[in-house]
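Just so it is clear, none of the values below were taken in a lab; they were calculated from the coordinates. Keep in mind that what you see is a predicted model, and the values were worked out from it rather than measured. Cβ coordinates were reconstructed from backbone atoms using ideal geometry, including for glycine residues, and neighbour counts include every protein chain displayed.
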Amino acid sequence: MKHKEIDMKKWIAIMLASAATHAHAQPAQPEEPKPPETPPPVEPAPRGPVAHANANAPIFTDATRDSKIIYVLSLGESVWPFEIVGDWSHVKTAKGTGWVLTKFIADAAPKDPYEDHKPAPPPKPARPPDPRVAMPQVWTTPTGWLLPAAVLYSRTGVDTGGGVQSDQRVGLGDVAEFGVSTTDQVRRKTDATAVAKAIQPYVTATFRMGVGEDRLFDGQPGLVLGFRKSFERSLEDHQTRIAELTFVASKHLGKHAALHVGGTFWDAELQGSGSSAALHDHTIYAVGDQLRPFGGIQVEPIDHAEILVDLGWAPEFCYACTGADQIKLRPELSWGVRYQVADWMALESGVRVPDIGDANLLDAQIFGQVTFTTWALRHAVDDLK
Amino acid sequence: MALASVAHARPVHDRVWLAPTAELPEEGGMIGSIALDRHGGFDLGAGYGFGGIAELEFALASSDARLCEPCSPLERSTATFRLGAREDDLFEGAPALVLGVEAGLDAHVSGLHATDAYVVATRHVAFVTLHAGVGASATGHDNGAATTLVRPLGGIEMIPPAFPKTTLLADVSWQPKFATAAGAMTTTTSELAFAWGVRYQTFPWLAVELAVRHDASAFGDPDVLVRVTGQWGTGTLR
């Protein structure tokens with residue numbers, strides 16, 4: 001029994017010692033949930049256009065490889081370039097600012113950082129299709145139609161007689177037109193029996209003004225007053241000049257035909273060795289020698305293809321002739337087709353007989369022309385308004 | 001311009017052999033031909049259709065005009081403008097009608113002038129096509145007066161029903177003739193030429209022709225010619 005008592009005492013002592021040990025230790029507090037770590041503040045993404053790294057590219061502190069590398073961009077990582085110096089771009093990234101070789105980023109050129117925030121402009125209304133241009137010229141005769149304002153017109157042609165013609169015009173405010181051209185209509189011959197040949201190039205300037213069809217009253221034809229004058233032309237020791245005043249009316253007859261009728265007042269001058277004459281010299285010529293009617297007709301039997309015929313006049317100079325034979329006005333008949341290949345381009349071809357009064361078939365010329373019209377200048381002017 | 005496309009419409013031939021027809025290329029259509037004869041003479045031609053109502057053709061030929069004596073081919077370059085109406089356009093049963101003018105391109109260089117103006121009508125009747133017209137031919141040289149002759153011209157084409165790709169053809173036309181004596185130009189005129197032969201329409205856009213040509217001044221010594229004609233469309237910019 002004693003042993004058991006001793007064991008019991010021992011056991012109780014051990015128990016008491018153990019309890020004392022535990023009493024000295026701080027009792028474990030129940031764990032409180034840890035507050036979440038506050039993440040470091042994130043720098044807001046810079047404003048402006050974003051570029052992206054196209055490779056794992058190092059960011060340097062300065063625009064030189066000798067400077068310190070801050071970190072390395074990952075492929076596709078966004079950067080915001082705001083400055084370019086040589087081959088280097090100064091960029092902002094989500095982790096700071098530094099320099100990177102421009103070749104490692106796309107869209108590196110710094111742009112207006114607020115560009116993306118500008119309100120989008122309202123959409124422009126669609127431009128209506130340009131109307132077809134009524135041509136200011138049949139073949140050799142003018143029409144009573146003017147080019148629309150700021151519309152450019154260009155016609156160039158050649159013929160089997162070796163002639164070249166060119167005509168450039170621009171419309172002025174829908175009421176006038178100005179142009180410069182070269183023509184081979186003016187001819188000369190050395191004497192009365194010689195074959196007449198064209199004087200070319202013969203440069204002329206033209207100014208026309210008028211009123212459009214139906215502008216003043218219903219059924220009113222287009223009316224145009226035109227003036228054409230040449231620069232002095234020297235050839236074979238002779239100087240020649242021409243001037244022409246025209247008045248023409250043009251009227252559409254239905255949708256596919258039109259008629260042009262007009263009158264012309266011509267002046268021409270010849271000076272040179274042994275020659276001196278002028279149509280305005282009324283000691284030689286009568287006023288009636290300067291006046292001539294002209295006209296033309298156009299018919300559109302098939303869409304985009306017109307048949308045109310006109311009769312006009314052109315002066316012929318004769319160096320060795322005398323009196324009123326020195327300068328004569330010759331009737332010129334032309335017929336042909338204008339084929340509208342596109343709204344802005346027409347191919348034209350036909351036959352021209354420079355002196356139909358002579359009825360000389362050998363004089364007949366085949367001509368081919370191309371005509372361009374463009375509204376580009378008009379559109380540019382309208383867009384500026 | 002839209003890519004050129006092979007024309008598949010009914011083939012158009014603006015000439016029988018030498019005589020013009022009243023057939024015009026389609027809008028934007030082109031006709032080209034090349035011909036050779038046994039003397040080494042050649043013809044090159046190309047025509048463009050203006051809206052289906054006109055044609056402008058350029059040709060370089062040495063097998064139509066003659067420079068005599070002795071007679072030899074005279075190389076000429078020409079331009080031809082043709083304006084007309086198709087069959088039945090004017091009224092039902094109307095023939096195709098064309099007014100054409102052919103002028104020399106190099107006359108101011110060579111001094112030899114030849115201009116032709118003609119009106120020709122064409123009408124298809126069953127398997128026969130008839131061409132008939134009248135032409136005025138003016139010839140001259142720089143230092144001489146012009147000679148103008150008004151003459152009839154025509155041709156006939158027949159497609160045997162058993163051979164729809166084959167055409168028998170014959171025509172009568174007038175070709176320029178310039179005569180020299182002692183090195184000087186003496187006369188200019190137009191000479192009758194008669195040609196007959198066969199055309200084989202290999203494809204709708206390609207024909208091969210073989211013909212024999214007799215000139216009035218050398219009827220017993222005919223010339224033999226072969227020609228290839230093609231046609232295609234160029235489209236439009238609209």
The alpha-carbon center of region A:210-226 and that of region B:72-101 are separated, in whole Å, by 38 Å
Using modelled amide H (1.01 Å from N, peptide plane; none on Pro or chain starts), what sits under 5 Å from the amide H of A:Y202, excluding residues fewer than 5 places away? A:T183
Between rounded, prolate and oblate, where does region A:313-381 land on the alpha carbon gyration tensor, with a ≥ b ≥ c its root eigenvalues, rounded for a/c under 1.5, else prolate if a/b exceeds b/c? oblate
Taking the alpha-carbon centre of each part, the distance from region A:338-356 to region B:21-54 in Å is 19 Å
Roughly how far apart, in whole Å, are the Cα centres of region B:125-140 and region A:244-318? 35 Å
So, over other residues within a Cβ distance under 11 Å of A:A324, counting Lys, Arg +1 and Asp, Glu -1, the net charge is -2
Need one word for region A:131-272: rounded, prolate or oblate. Basis is the Cα gyration tensor (sqrt eigenvalues a ≥ b ≥ c); a/c below 1.5 gives rounded, then a/b vs b/c decides. prolate
If you average the sequence gap of Cα pairs under 8 Å that are 6 or more apart and divide by the length of region A:239-297, what percent do you get for the contact order? 35 percent
Work out, step by step, the length gained on full extension between B:V228 and B:L168: first 0.36 nm times the residue separation, then minus their alpha carbon distance; give nm to one decimal. 20.1 nm
Which of the aspartates and glutamates could a cross-linker span from A:K95 if the Cα-Cα distance has to be under 14 Å and same-chain partners fewer than 8 positions apart are dropped? A:E43, A:E77
In Å, what Rg and Dmax follow from the Cα atoms of region A:197-318? 17.8, 55
Of the listed links A:K251/A:K328; A:K189/B:K177; A:K229/A:K255; A:K197/B:K177; A:K124/A:K251, those spanning more than 32 angstrom between alpha carbons are A:K229/A:K255; A:K124/A:K251
The residues A:I69, B:I53, sorted from fewest to most surrounding Cβ atoms within 10 Å, come out as A:I69, B:I53
